[in-house]
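In what follows, a single structure is set out as structure tokens and then discussed.
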């Protein structure tokens, strides 16, 4: 009987680590939550519609937030996206989505959504009126300086202004951007990135007047000097090849002529 309390004590001591582990094993689920407020837009526009919404990350994890707009004009429905805005829990920011109704006047039915943490939620629907028909006559030259899978740096023949996307590869999320001192960083979110694709933009000047369209090639392009040097080198190689061929021809033809002149018919 004396050994019984010792046995109970031993079992109790062996069970303490298990009880302790069960006591402190606590898990907290990550919460994804968003709040949107202060929706602002113009009920009537001539060229550019700017939609502003304040995002508030009410969850427990950080997310990339962006606006998505669906614009129905006539028989067409066009989808546009804002830039992505990274937000930590408890932080907020104002997102801007810009849209230009091309070659159209009248009512545009609009639905705005929030995109965050792989989720999509409708924010609101409204209608605005377009009073002027926007038609693009000119073009703006661009040169692609540096290409990445999420952004590309370009140089342009314009000092300062704004670029609004018009056409992009299917399923790419492309947003507008600002031009500063003739340079812009365009951003995009493609399913799979591939160099050599083209994104078309409408370019506005500092006064928000349309300058023209710009086609940005997602492939590094040489400067004017580099292109001139490359052409010079290419033409030099061609000229050198022609000179080599000409010399071979001359060296081949001259001995043949000597043989013909030295040949005498038998008497």
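The values are calculated or read from the model by the stated rules, or taken from the named source; none is laboratory data. Quick caveat, the model's predicted, so the values are computed rather than measured. Every residue, glycine among them, receives a Cβ derived from its backbone with ideal geometry; neighbour counts consider all protein chains shown.
If the condition is being surrounded by fewer than 20 Cβ atoms within 10 Å (Cβ to Cβ) and within 22 Å of residue 200 (Cα to Cα), then region 85-97 contributes only 96.
Residue-wise test of (1) at pLDDT below 95; (2) assigned by TED's automatic domain parsing to the domain that holds residue 171; (3) more than 22 Å from the chain's Cα centre (by Cα); (4) surrounded by 13 or more Cβ atoms within 10 Å (Cβ to Cβ).
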position: 70; (1), (2), (3), (4): no, no, no, yes
position: 99; (1), (2), (3), (4): no, no, no, yes
position: 103; (1), (2), (3), (4): yes, no, yes, no
position: 108; (1), (2), (3), (4): no, no, yes, yes
position: 112; (1), (2), (3), (4): no, no, no, yes
position: 116; (1), (2), (3), (4): yes, no, no, yes
position: 125; (1), (2), (3), (4): no, no, yes, no
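Evaluating residue 141 against the criteria (1) over 17 Å from residue 101 (Cα atoms); (2) surrounded by fewer than 18 Cβ atoms within 10 Å (Cβ to Cβ); (3) within 15 Å of the chain's Cα centre (by Cα) leaves one unmet condition, (3). Look at (1) more than 21 Å from the chain's Cα centre (by Cα); (2) over 25 Å from residue 160 (Cβ atoms); (3) at pLDDT 70 or above and you find that residue 193 fails only one, number (1).
Test residue 110 against the criterion of being closer than 27 Å to residue 215 by Cα and either in a strand (DSSP E or B) or touching a residue at least 24 places away in the same chain (Cβ under 8 Å) (or both), and give yes or no.
Working: closer than 27 Å to residue 215 by Cα: yes; either in a strand (DSSP E or B) or touching a residue at least 24 places away in the same chain (Cβ under 8 Å) (or both): yes.
Spelling it out, residue 110 is indeed closer than 27 Å to residue 215 by Cα and either in a strand (DSSP E or B) or touching a residue at least 24 places away in the same chain (Cβ under 8 Å) (or both).
Taking region 30-53 as the range and being under 25 Å from the mean Cα position of the chain (by Cα) and more than 17 Å from residue 126 (Cα to Cα) as the test, the residues that pass are 34, 47.
Listed by position, the strands (runs of 3 or more DSSP E) inside region 133-232 whose residues that are outside the structural domain of residue 52 (by TED's automatic domain parsing), at negative phi and touching a residue at least 60 places away in the same chain (Cβ under 8 Å) number at least 2 are 142-147, 151-156, 161-167, 183-189, 198-205, 210-217. Among the residues of region 48-67, the ones that are crowded, with 19+ Cβ neighbours inside 10 Å and under 22 Å from residue 162 (Cβ atoms) come to 8 in all.
Looking across region 60-95, the residues that are within 17 Å of residue 111 (Cβ to Cβ) and in a loop (DSSP other than H, G, I, E, B) come down to 74, 75, 82.
Of the residues making up region 113-125, just one is part of a loop (DSSP other than H, G, I, E, B) and out of contact with any strand residue (DSSP E or B) (no Cβ under 7 Å at 6 or more places or on another chain), namely 118.
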